[in-house]
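One structure is given below, encoded as structure tokens.
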Amino acid sequence: MLHTMKLNESPFERIKNGSKTIEFRLFDEKRQQIKVGDQIEFLKVPELQEKLLVDVIELYRAETFEELFKKLYSDTEEITQKTKNMYEIYSPEEEKKYGVLGIKISLKSKGFRYTYNKLVRDKIPQNIDSEEGRKSKYRILNDTEYLTELNKKILEEANEFIEENSIEELGDLMEVINAIMKLKGYKMEEVYEIMKAKSDKKGAFNDKIYLEYVDEEKRNINEEKELNKEFRK
């Protein structure tokens, strides 16, 4: 079974370099599910992009952190300091409620895992897997998921175009638009017809007009809703 836990940078780096081999937690509902032979994926906060995969090789149970540390360490000063450190994370009330757990771990891989969770171009996994030391993990989206990710992607590409204003980024943006059109069954001729109809009614963007404000005698609720949309802020 695979478990996921978040870790601050310092303990994360110590697990990575091999100096930390036991992770201490409350024996709460989540930790009660852990068994020897399971795996844990540690995510480094705050970005949660870097991950470490470890095997659970032994478990140590106790009622208190001090009791647990006395089982594992002999130096009194070290036991006192470790107990104090744990009380900066967990309260005595939590400790009393759940008890505590020591999870002895073995680093599964010396490498790194970078999580993207995003829609990518069709040949990206193939290109990644062709490079030595790199291996991708991906899945195929259903149409509902696909449209959701395309909507995210169009914002991503639009922002990248805003940053660079390059023809390459414009091409990326158009690629996403084409994918949405294909998924929705839209034809380019239909899009141009709609563009022309709106242009005939409201004009295009050729005259570089920048609307600063509109004064109205009465409150316009629809206008306020439009101006308060998140993407306009």
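Read the figures in this text as sums done on the coordinates, not as results from a lab. In this text, all values refer to a predicted model and were calculated from it rather than measured experimentally. Methodologically, a virtual Cβ is constructed for each residue, glycine included, from the backbone with ideal geometry; neighbour enumeration extends over all protein chains shown.
Can you give me the convex hull volume of the Cα atoms of the chain, divided per residue and expressed in Å³? Mind dumping the intermediate values first?
Numbers: hull volume 58.4 nm³, N = 233.
So the per-residue Cα hull volume is 251 Å³.
Out of all DSSP beta bridges in the chain, what portion is antiparallel? Express it as a percent rounded to 5. Present the calculation step by step, with values, prior to reporting the outcome.
Details: 20 of 26 bridges.
The antiparallel fraction comes to roughly 75 percent.
Number of Lys pairs in the stretch 143-204 with C-alpha atoms less than 20 angstrom apart, excluding same-chain neighbours closer than eight positions?
The result is 6.
What are the ³J(HN,Hα) values, in whole Hz, obtained from phi via the Karplus relation 6.51 cos²θ - 1.76 cosθ + 1.60 with θ = phi - 60°, for each residue of the stretch 51-63 in sequence order, with x given for Gly and Pro?
Working through the residues one at a time gives 9, 10, 10, 10, 9, 8, 10, 6, 10, 10, 10, 7, 7 Hz.
How large is ³J(HN,Hα) for each residue in the stretch 7-15, as worked out from phi by the Karplus curve 6.51 cos²θ - 1.76 cosθ + 1.60 (θ = phi - 60°), to whole Hz, x for Gly and Pro?
Ordered by residue, 3J(HN,Hα) equals 9, 5, 4, 4, x, 4, 5, 6, 5 Hz.
Over the alpha-carbon set of the stretch 2-114, work out the extent along each principal axis and list the three values in angstrom, largest first.
That works out to 37, 28, 25 Å along the principal axes.
Sticking with the crude label model, points 7 Å out along Cα→Cβ, report the distance from N165 to D28 in nm, one decimal please.
5.0
Suppose we keep just the alpha-carbon trace of the stretch 143-204; what are its Rg and Dmax in angstrom?
13.4, 36
Relative to the longest principal axis of the C-alpha atoms of the chain, give the angle of the C-alpha long axis of helix 188-202, reported between 0 and 90° and rounded to the nearest 10°.
For helix 188-202, the angle is close to 70 degrees.
In percent, what relative contact order does the chain have, based on Cα pairs under 8 Å that are 6 or more apart in sequence?
Numbers: 228 pairs, mean separation 38.8, N = 233.
Once divided by the residue count of the chain, the mean separation gives 17 percent.
For the stretch 137-148, what does the Karplus curve 6.51 cos²θ - 1.76 cosθ + 1.60, with θ = phi - 60°, yield as ³J(HN,Hα) per residue in whole Hz, taken in order and with x for Gly and Pro?
Rounded to whole hertz, the list is 10, 9, 9, 9, 7, 7, 5, 5, 5, 4, 5, 4.
Please give me, ordered by residue number, the GluC sites (Glu not before Pro) of the stretch 1-60 that lie in loop per DSSP and have at most 12 other Cβ atoms within 10 Å. Present the calculation step by step, with values, prior to reporting the outcome.
Working: sites: E9, E13, E23, E29, E41, E47, E50, E58; in loops: E29, E47.
Answer by residue number: E29, E47.
Between D129, D38, D200, find the one with the highest GNM mean-square fluctuation for the chain; connect C-alpha pairs within less than 10 Å.
D200
Using 7 Å Cα-to-Cβ label points, what is the E131/D55 separation (nm, one decimal)?
Placing both labels 7 Å beyond Cα along the Cβ direction yields 2.9 nm.
In the stretch 51-92, whose amide N lies under 17 Å from the spot 7 Å out along Cα-to-Cβ of R113? List them in ranges.
Within reach of a label on R113: 51-57.
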